[in-house]
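A.B. asks: Before we start, here is the structure in question, set down as structure tokens.
The values are calculated or read from the model by the stated rules, or taken from the named source; none is laboratory data. Because the structure is a prediction, the values reported are computed rather than measured. Every residue, glycine among them, receives a Cβ derived from its backbone with ideal geometry; neighbour counts consider all protein chains shown.
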Ligand SMILES: Nc1ncnc2c1ncn2[C@@H]1O[C@H](COP(=O)(O)OP(=O)(O)O)[C@@H](O)[C@H]1O
Ligand SMILES: [Mg+2]
């Protein structure tokens, strides 16, 4: 039954296979399992303790289950994807761009924020970790390019693509979207770790990570293995999207994750028609993002309008942040705020 307890950050292998079961003791109807954790604290410890207890209760009627922990080297290092973080050694800020749900413009914001930060003179990279719907290749007009990869000793190194002054990497360069869609948890996790940890980023001020939508296992695994310095959360102002923001915020504030949230970015904050550039229509309601930011005690980093040109430039592979149109400048303002918030960390 302990085989049922899987470690989501370790390719979903079970605790027995991972050598984490230190002792099992019985005394009457009492069963005590001791789990071994390596010297550093595992952010998923609580989760694993709970799952182990649940597995005991499920399989042994009337059991009095107890789970203890001990800190020690959990046996030999299991074979698997342990990529190390050497390629991130010269990256100053690693910032996750997250949202509680899809379709709120997370990728649009991530790509334009990257371009705008580069316009401000920062060295910037963006890793598209949305294995279920990579959109960076299309949004940057790089969908027909294939990054170079080579072996360096035992290690496989992938070179990022460079365009618009930003280094780009995406799973979309290697797999067609239809393929990415059938990936299951552990495989998706591994692929996206490679997209970040095997890439020769070089020296960067900012590495943005376009996270997959949602708040599931993939996220926990990602924040566990990638040394994020913080996160920004993208939302639209509708109430439903805001309920999802709550999930996103709670994820980063979670006991076992605890990553600082730089702030909220309200996308589609209002609609401005091309022919009436001075007008603002609050079609999703006004100031939803501001209220949410206040509620959670996080800053509102910026508001991006809903403008036809933002979608079009995304479809054309020329991010609007390259232009000095007002919608492009909105991203430059945002970039200044993000850089400020990151510097305060
Ligand atoms: N501010 C905006 N104005 C106009 N269109 C937008 C804006 N933000 C996003 N979009 C469009 O909405 C769609 C979803 O955006 P996308 O960035 O792919 O969302 P996500 O990554 O959250 O799924 C895309 O077609 C994109 O061009
Ligand atoms: Mg996306």
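A.B. asks: Specify which of the listed residues (100, 96) is within 16 Å of ligand 2 (Cβ to nearest atom), outside any helix (DSSP H, G or I) and under 23 Å from residue 327 (Cα atoms).
C.D. replies: Just a single option satisfies the conditions, and that option is 96.
A.B. asks: Do any helices (runs of 4 or more DSSP H) lying entirely in region 195-309 carry at least 2 residues that are within 16 Å of ligand 2 (Cβ to nearest atom), and which ones are they?
C.D. replies: The helices (runs of 4 or more DSSP H) meeting that bar are 217-225, 239-253.
A.B. asks: Within the group 245, 307, which residue is touching a residue at least 60 places away in the same chain (Cβ under 8 Å), within 15 Å of ligand 1 (Cβ to nearest atom) and in contact with a helix residue (DSSP H, G or I) (Cβ under 8 Å, 6 or more places away or on another chain)?
C.D. replies: Residue meeting the stated conditions: 245.
A.B. asks: Which of the residues spanning region 3-20 are surrounded by fewer than 20 Cβ atoms within 10 Å (Cβ to Cβ) and under 14 Å from residue 72 (Cβ atoms)?
C.D. replies: Listed by number, the list holds a single entry, 19.
A.B. asks: State whether the residues of region 317-325 include one that is near ligand 1 (Cβ under 8 Å from one of its atoms) and out of contact with any strand residue (DSSP E or B) (no Cβ under 8 Å at 6 or more places or on another chain).
C.D. replies: no
A.B. asks: If residue 87 passes every condition in (1) at pLDDT 90 or above; (2) on the phi > 0 side of the Ramachandran plot but one, which one does it miss?
C.D. replies: If we test residue 87 against (1) at pLDDT 90 or above; (2) on the phi > 0 side of the Ramachandran plot, just (2) comes out false.
A.B. asks: Go through region 112-134 and give me each residue that's out of contact with any strand residue (DSSP E or B) (no Cβ under 7 Å at 6 or more places or on another chain) and touching a residue at least 40 places away in the same chain (Cβ under 8 Å).
C.D. replies: The answer is 112, 116, 119, 120, 131, 132, 133.
A.B. asks: When only residues in region 116-166 that are in a helix (DSSP H, G or I) and within 16 Å of ligand 2 (Cβ to nearest atom) count, which is surrounded by the fewest Cβ atoms within 10 Å (Cβ to Cβ)? So that I can check it myself, show each step before the final result.
C.D. replies: Step one: filter region 116-166 for residues in a helix (DSSP H, G or I), giving 116-119, 136-139.
With the extra rule that they be within 16 Å of ligand 2 (Cβ to nearest atom), the set shrinks to 136-139.
Details: 136: 26, 137: 21, 138: 18, 139: 28.
Top of the filtered list is 138.
A.B. asks: Residue check: is residue 36 over 19 Å from residue 223 (Cβ atoms) and either in a strand (DSSP E or B) or not assigned by TED's automatic domain parsing to the domain that holds residue 221 (or both)?
C.D. replies: yes
A.B. asks: As an exercise: evaluate residue 313 against (1) farther than 18 Å from residue 100 by Cα; (2) within 11 Å of ligand 1 (Cβ to nearest atom); (3) in contact (Cβ under 8 Å) with a residue 24 or more places away in the chain and give the number of the one condition it does not meet.
C.D. replies: Only one criterion is unmet by residue 313, namely (3).
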